[in-house]
Amino acid sequence: MNNAGKEKMVTENAAIGNQAVGNQKDYKDLVFRTIFLLCALLSVLSVIAIITFVFTKGLKPFFGENAYSFSDFITGLKWDPGKEVYGIFYMIVGSIIATLGAIMLGVPIGLMTAVFIAEIAPKKMVAIIRPAIELLAGIPSVIYGAFGLGVIVQLIKKVSPTGQGESLLAVICVLTIMILPTIITLSESSLRAVPKSYREASYGLGASKIQTIFKSVVPAARSGILSATVLGIGRALGETMAVMMIAGNNIGGLPGSLWDKIRPLTSNISMEMSYASGRHQDMLFATGVVLFLFILVINLLLIKITSKVGAQGTKN
Amino acid sequence: MNDITKFSVSDLNLFYGSFQALKNINMDIYKGKITAFIGPSGCGKSTFLKTINRMNDLIEGVTINGTVTLDGVDIYKEMDAISLRTRVGMVFQQPNPFPMSIYDNVAYGPRIHGIRKKSTLDEIVEKSLRQAAIWDEVKDKLKKSAQAISGGQQQRICIARTLAIEPEVILMDEPTSALDPISTLKIEDLASELKKDYTIIIVTHNMQQAGRISDKTAFFLTGEVIEYGDTEQIFNKPSNKKTEDYITGRFG
C-alpha cells in the first residue's frame with residue numbers, strides 16, 4: 001500500500017549508512033537502523049505475501065483446463081458446492097446493502113454523539129460517555145454476534161413476516177453498533193481540531209450554538225468525518241464473526257427486503273473454509289479476492305481524502 | 001457636531017475566577033466615532049471589548065457586574081447575546097475566514113439570520129465586499145476559498161462578513177497586528193471610511209494607528225481606564241502622568 005514511501009526510506013537509509021562507514025558509533029547507528037528497517041519491512045512483506053497467496057489460490061479456478069466461468073462466478077445467484085455451483089453476486093449485494101444500511105444509521109448517530117461529546121456535554125458527562133464508547137470498541141466481535149443472536153434476532157423474529165430473525169435487518173443493526181466507536185472517536189477528534197477562531201467568528205455574527213456547530217464547526221471538520229465514514233465502511237464490510245451468526249447465510253437469491261436472509265462475502269469464507277478442499281476451497285479464496293478488492297478501493301479512497309486534508313492544512 | 005451616546009458603561013467590574021480583570025469602568029462611547037483602546041498587554045482592553053458584545057459569555061468562570069447599555073438598553077439584562085451580536089459585529093486579531101468560498105463567508109451571517117433568496121444574498125455579498133474595499137480584488141473569484149488569498153485580503157473579507165449582517169457597531173480587536181504595513185494602511189483607510197455609517201471601537205497596540213484614525217482614545221492600565229478623551233488631547237496634552245509615560249514610550 002505504501003511501497004513508494006518505503007522505497008524512499010530504504011534509499012535514504014542507504015545514503016546515511018554509507019556516510020557512517022569507518023566510525024564505531026556510526027556503525028552502531030547502522031545496526032539499529034537496519035533493525036528498524038527490518039521491523040518495518042515485516043508488515044510490507046506480510047501484505048505482499050497475503051496478496052500473492054490469496055490471488056494465486058483465488059484466481060486458479062478461472063484458468064487452465066476445466067476453468068470455471070468468471071462471469072458465472074461474479075454474477076451467479078446460487079452457491080452450492082455439492083453441485084459445483086459457485087455464484088457470489090447475491091453475496092456481494094448482501095454485503096454492500098448491509099454496509100450501506102449500517103453507514104446510513106451509524107454515521108448520523110455517531111456524528112451526533114461526537115458533536116455532543118465535543119461541543120455540548122458537560123465534562124462530567126463526557127467522563128462517563130467516552131469510556132463507554134472505548135469499551136464498546138474493545139468488545140470482541142463474537143460477543144456482538146452472541147448479543148445479536150440472543151437479543152436482536154429474537155426481537156426481529158417477533159415482528160418479521162417471515163417468522164425468522166436472522167436477516168439483513170439484524171446484520172444492519174449489529175453492524176451499526178459495531179461501527180459507532182470508529183465513527184464517534186474519529187469525528188470527535190476532527191471536531192476538536194477545528195480552530196476556536198471559527199467558533200468565535202460564528203458567534204460574533206450572531207449565530208446560536210447549534211447554528212455555529214452545524215454551519216461552521218461540522219463543515220470545517222468534514223474531511224475528518226468523511227475519513228471516519230470510509231473507515232466505518234471498511235469495518236462493516238470486513239466484519240465476519242458477528243455477521244455470520246445472525247445473517248442466515250442462505251444458499252442463493254438476492255435479498256428482497258430487510259427481513260430476508262443474506263450471506264455476506266466474509267461469512268461465506270469463514271463458514272466453509274475449515275472443511276473445504278480442491279475447487280471448493282479455491283472458490284472461497286476467490287471470494288476473498290473480491291472482498292480484498294473492495295477493501296483496496298476503500299483504502300485508496302481514504303488515502304485520497306487524507307491527502308486532500310493535508311493539502312488544505314498547508315494552505316492555511 | 002452633537003455627540004450621541006451609543007454605549008454607556010457604568011461601574012463595570014469583570015472577574016476571571018477570583019482575578020479582577022476590569023476595575024470600575026465608566027465610559028460613554030459615541031455614535032459615528034472611532035474610539036481606540038490603547039494600553040500595554042494584559043491591561044484589559046481586549047477583555048473590555050469582548051464585554052461589549054458579550055463574547056465573554058463563552059468563557060467559563062467569568063463574572064461581570066455593573067451595567068452596559070446600548071441605546072439605553074441594558075445588554076446583559078434586557079437583551080439576548082444573539083441579537084446583541086447581530087447589532088454589534090466583531091473583527092478579530094487573526095483573520096479568521098471560514099474554510100469556505102469568499103461568497104459563502106460573506107453570506108454566512110445573512111444565511112444564519114434566515115435570508116435564503118439567491119438574488120438578495122448576491123446583493124448583500126456585493127454590497128458588503130464593496131464597502132470593505134475588496135470587491136474589485138475578488139469579484140472574479142467569489143467561489144474560491146477565502147483562505148487562499150493574502151492575510152490583508154482575508155481581514156477585509158472578515159470585515160465584509162461583519163458588514164453583511166448590517167451591524168450598528170463594529171468592534172475591531174487589534175485587526176492589523178497580523179498584517180503587513182500596506183494591508184494595515186488599507187484597513188485603516190477602510191475604518192475611517194466606515195465611520196460615516198458605523199460606530200467603530202478598535203483595540204490597538206499601535207499608538208500611531210490610534211493617533212491616525214481615532215476620534216476618542218481610552219488608555220487602559222491594569223484593568224482600569226486611566227484616561228479617556230479626545231484623541232488629540234490624549235496624545236498632545238495627556239492630563240495623567242501615566243498616560244504621558246505610555247504615549248511617549250517610557251514603558252509598555
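Six or more apart or on different chains, Cβ atoms under 9 Å: show the pairs whose first residue is in segment A:89-101 and part of a helix (DSSP H, G or I) and whose second is surrounded by fewer than 19 Cβ atoms within 10 Å (Cβ to Cβ) and among the polar types (S, T, N, Q).
What qualifies is A:Phe89/A:Thr75; A:Tyr90/A:Asn250; A:Gly94/A:Asn250.
Results for (1) of a type in the set (Gly, Ala, Ser); (2) surrounded by 22 or more Cβ atoms within 10 Å (Cβ to Cβ), shown as yes or no for each residue.
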{"residue": "A:Ile120", "(1), (2)": "no, no"}
{"residue": "A:Arg130", "(1), (2)": "no, no"}
{"residue": "A:Gly138", "(1), (2)": "yes, no"}
{"residue": "A:Leu169", "(1), (2)": "no, yes"}
{"residue": "A:Ile184", "(1), (2)": "no, yes"}
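Yes or no, residue by residue, for (1) in the same structural domain as A:Ile251 (by TED's automatic domain parsing); (2) farther than 30 Å from A:Gly256 by Cβ; (3) among the aliphatic types (A, V, I, L, M):
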position: A:Val126; (1), (2), (3): yes, yes, yes
position: A:Ile139; (1), (2), (3): yes, yes, yes
position: A:Gly148; (1), (2), (3): yes, no, no
position: A:Val151; (1), (2), (3): yes, no, yes
position: A:Ile184; (1), (2), (3): yes, yes, yes
position: A:Gln211; (1), (2), (3): yes, yes, no
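So, restricting to helices (runs of 4 or more DSSP H) that lie completely within segment A:137-232, which ones have at least 3 residues that are within 12 Å of another protein chain (Cβ to nearest Cβ)? Steps first, please.
On the way: elements: A:141-147, A:153-159, A:168-192, A:196-204.
Output list reads A:196-204.
From the residues in segment B:85-104 that are of a type in the set (A, V, I, L, M) and over 17 Å from B:Lys50 (Cα atoms), which one is farthest from the other protein chains (Cβ to nearest Cβ)?
Among them, the one singled out is B:Ile102.
Select from segment B:59-75 the residues that are within 14 Å of another protein chain (Cβ to nearest Cβ) and surrounded by fewer than 16 Cβ atoms within 10 Å (Cβ to Cβ) and list them in ascending order.
Once the filter is applied, which keeps residues that are within 14 Å of another protein chain (Cβ to nearest Cβ) and surrounded by fewer than 16 Cβ atoms within 10 Å (Cβ to Cβ), segment B:59-75 yields B:Ile59, B:Glu60, B:Gly61.
When you scan segment A:253-273, do you find a residue that is among the acidic types (Asp, Glu) and more than 30 Å from B:Gln147 (Cα to Cα), even just one?
Of segment A:253-273, the ones among the acidic types (Asp, Glu) are A:260, A:272.
Now narrow it down to the ones that are more than 30 Å from B:Gln147 (Cα to Cα): A:260, A:272.
So far as segment A:253-273 goes, yes, one or more of its residues are among the acidic types (Asp, Glu) and more than 30 Å from B:Gln147 (Cα to Cα).
Among the residues of segment A:251-288, which ones are within 22 Å of A:Ala98 (Cα to Cα), part of a loop (DSSP other than H, G, I, E, B) and hydrophobic (A, V, I, L, M, F, W, C)?
First pass over segment A:251-288, keeping only residues within 22 Å of A:Ala98 (Cα to Cα): A:251-272, A:284-288.
The next check asks that each one be part of a loop (DSSP other than H, G, I, E, B); those that pass are A:251, A:253-261, A:263-264.
Matches in segment A:251-288: A:Ile251, A:Leu254, A:Leu258, A:Trp259.
Kindly indicate whether any position in segment B:154-169 is under 14 Å from the mean Cα position of the chain (by Cα), at pLDDT 95 or above and among the basic types (Lys, Arg).
The answer is yes; a qualifying residue exists.
For segment A:72-88, enumerate the residues that are over 18 Å from A:Phe285 (Cβ atoms) and either part of a helix (DSSP H, G or I) or basic (Lys, Arg) (or both).
A:Thr75, A:Lys78, A:Gly82, A:Lys83
In segment A:19-65, how many residues are more than 31 Å from the chain's Cα centre (by Cα) and either of a type in the set (Ser, Thr, Tyr) or within 27 Å of A:Gly87 (Cα to Cα) (or both)?
Final tally of qualifying residues: 4.
Condition first: among the small types (Gly, Ala, Ser) and either in contact (Cβ under 8 Å) with a residue 24 or more places away in the chain or in a helix (DSSP H, G or I) (or both). Now tell me which residues in segment A:102-136 satisfy that.
Those that are among the small types (Gly, Ala, Ser) and either in contact (Cβ under 8 Å) with a residue 24 or more places away in the chain or in a helix (DSSP H, G or I) (or both): A:Ala102, A:Gly106, A:Gly110, A:Ala114, A:Ala118, A:Ala127, A:Ala132.
(1) surrounded by fewer than 19 Cβ atoms within 10 Å (Cβ to Cβ); (2) at pLDDT below 95: which one isn't true of A:Phe147, the others all being true?
(2)
When residues of segment B:141-157 are filtered for being in contact (Cβ under 8 Å) with a residue 40 or more places away in the chain and within 14 Å of chain A (Cβ to nearest Cβ), how many remain?
Matching residues across segment B:141-157 total 9.
Just to be sure I understand, how many residues within segment A:90-111 are under 30 Å from A:Arg192 (Cα atoms), small (Gly, Ala, Ser) and crowded, with 24+ Cβ neighbours inside 10 Å? First the steps, then the outcome.
First, the residues of segment A:90-111 that are under 30 Å from A:Arg192 (Cα atoms): A:99-111.
From what is left, the residues that are small (Gly, Ala, Ser) are A:101-102, A:106, A:110.
Of the ones still in play, those that are also crowded, with 24+ Cβ neighbours inside 10 Å are A:102, A:106, A:110.
Summing the residues that are under 30 Å from A:Arg192 (Cα atoms), small (Gly, Ala, Ser) and crowded, with 24+ Cβ neighbours inside 10 Å in segment A:90-111 gives 3.
Going by the conditions given, is A:Arg199 touching a Ser or Thr at 6+ places or on another chain (Cβ under 9 Å), among the basic types (Lys, Arg), surrounded by fewer than 22 Cβ atoms within 10 Å (Cβ to Cβ) and closer than 30 Å to B:Pro175 by Cα? Write out each step before concluding.
Values: touching a Ser or Thr at 6+ places or on another chain (Cβ under 9 Å): yes; among the basic types (Lys, Arg): yes; surrounded by fewer than 22 Cβ atoms within 10 Å (Cβ to Cβ): yes; closer than 30 Å to B:Pro175 by Cα: yes.
So A:Arg199 fits the description; yes.
Go through B:Ala132, B:Ala81 for me and flag whichever is modelled with pLDDT under 95 and in contact with a Cys (Cβ under 9 Å, 6 or more places away or on another chain). Explain how you work it out, then say what you get.
Numbers: B:Ala81 fails: in contact with a Cys (Cβ under 9 Å, 6 or more places away or on another chain).
Only one candidate qualifies: B:Ala132.
The values are calculated or read from the model by the stated rules, or taken from the named source; none is laboratory data. Just so you know, these numbers come straight off a predicted model, no measurement behind them. With ideal geometry, Cβ positions are generated from the backbone for all residues, glycine too; neighbour counts draw on all protein chains shown.
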